[in-house]
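Q: Below is a structure I'd like to ask you about.
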Amino acid sequence: MKVRSYITLLTVGSLGGAFLIALLGWFTFSGLKTSTQKLQEEAKKTGNSSEEYSDVKAFLATTRNIFVSLEIYPSSFPGIFSVSTNALVLSKESLNHISKEYPFNYPKSILEPIEEDLRLIESKILQMQKESPWNKDNKWEQRNRKARAEYEKVRDKLKRSLDDLEVKAEEFRIKAERDLNKQWNELEAREESSKTLLIVAATIYFIFVCFLA
């Protein structure tokens, strides 16, 4: 082989190999960039999901405090109904916040029944307040038992709705965490495969150049 032809072949081979490695590197890092962006998006979603989960848990705790206040305070406590009605106000505000901020995961079909239960529980609490021990007469016991029974019926229905909502919130949180872990694992796998591919390509290129030399 002539020296000129050999030098030309060596130059073309070297430049061609370098170009292919550069092209491979570009595709590799472009894929890594895309995976990183997806991971960042999932991380943002997970952060939003965490805030959403906290808001739902706050609503659940506030609403359940309505029941607790009527159970732990003695019926003779003058402020028993004030405690419950204050918790009701906070509960409604919290539910409105969830409805406005997270309509995708918590549409009206989920929240409206709870909203209706809250209205019913409020009316039953007001009814019990009317039948408080300070308004006793000869039929007070009968009216009080009836008002209490109606309240407990609505309370139990609302409790079930809150339990269902809590299950959904847990499902959304777990899904968000799983999606984030999946993206993270995919990114790590892509990084490892990219490193291996570049090492193999560089080794082949080195062997090729040595062969030409």
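Q: Gln127 - would you say it is in contact with a Lys or Arg (Cβ under 7 Å, 6 or more places away or on another chain), at pLDDT 70 or above, surrounded by 15 or more Cβ atoms within 10 Å (Cβ to Cβ) and part of a helix (DSSP H, G or I)?
A: Answer is no for this residue.
Q: Quick one: which residue in Val154, Val200, Val167 is surrounded by 12 or more Cβ atoms within 10 Å (Cβ to Cβ), among the β-branched types (Val, Ile, Thr) and either in a helix (DSSP H, G or I) or modelled with pLDDT under 70 (or both)?
A: Val154
The values are calculated or read from the model by the stated rules, or taken from the named source; none is laboratory data. The shown structure was predicted, so the numbers you read here are calculated from the model rather than taken from an experiment. Backbone-built Cβ (ideal geometry, glycine too); neighbour counts: all protein chains shown.
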